[in-house]
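The values are calculated or read from the model by the stated rules, or taken from the named source; none is laboratory data. Small disclaimer: the values here were computed from a predicted structure and weren't measured. Heads up, the Cβs are rebuilt from the backbone with ideal geometry, glycines too, and the neighbour counts pull from every protein chain shown.
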Amino acid sequence: MSGLTTHVLDLTRGQPAAQIAVSLSRQSGGETQALVETLTDQDGRARLLAPSDLTGGAYRLEFGVGAYFRALGAGRDEPAFLEIVVIEFNLPDSPGAHHVPLLVSPFGYSTYRGS
């Protein structure tokens, strides 16, 4: 895989999180440019940017986890403790594969620089 991808894992079920809304934007000079809005596939994955569309700089990923857990009947608290998980990260101005995984439950999350 090359370009920019993500993968969401549901820690409460121990499996990929399908159909989570994901949006990607790029931040530059105080302005935000929306780039992609998609859903994770059945394997919890989403391809976000092709290598030719990827440039170095500041990015923002948003994951609609509240709606996902409500649809499963989990996270019955209203309002949800986690409605949207936001990950802001920077990428170097170099080609290659960049992967941003999200491990999530109704009450917490973790991320890391994937490969």
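Numbers at a glance
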{"item": "Set A97, A46, A17, A50: member being of a type outside the set (D, E, K, R), closer than 21 Å to S2 by Cα and at pLDDT 95 or above", "result": "A46"}
{"item": "From A74, A80, residue being in contact with an Asp or Glu (Cβ under 9 Å, 6 or more places away or on another chain), at pLDDT below 95 and either of a type in the set (G, A, S) or part of a strand (DSSP E or B) (or both)", "result": "A74"}
{"item": "Residues located in region 25-56, provided they are in contact with a Phe, Trp or Tyr (Cβ under 9 Å, 6 or more places away or on another chain) and not aliphatic (A, V, I, L, M)", "result": "S25, R26, Q27, T40"}
{"item": "Residues located in region 27-42, provided they are farther than 11 Å from T6 by Cα and among the charged types (D, E, K, R)", "result": "E31, E37"}
{"item": "Filtered residue count, region 90-115, keeping only those that are surrounded by fewer than 16 Cβ atoms within 10 Å (Cβ to Cβ), closer than 17 Å to Q15 by Cα and polar (S, T, N, Q)", "result": "1"}
{"item": "Inter-residue pairs, beta-carbon under 6 Å, first touching a residue at least 60 places away in the same chain (Cβ under 8 Å) and in region 1-13, second among the β-branched types (V, I, T), 6+ apart", "result": "T6/V100; V8/I20; V8/T40"}
{"item": "Test: residue in region 2-9 that is farther than 16 Å from T111 by Cα and surrounded by fewer than 17 Cβ atoms within 10 Å (Cβ to Cβ)", "result": "yes"}
{"item": "Residues located in region 83-115, provided they are in contact (Cβ under 8 Å) with a residue 40 or more places away in the chain, within 20 Å of A17 (Cβ to Cβ) and within 11 Å of the chain's Cα centre (by Cα)", "result": "H99, V100, P101, L102, L103, V104"}
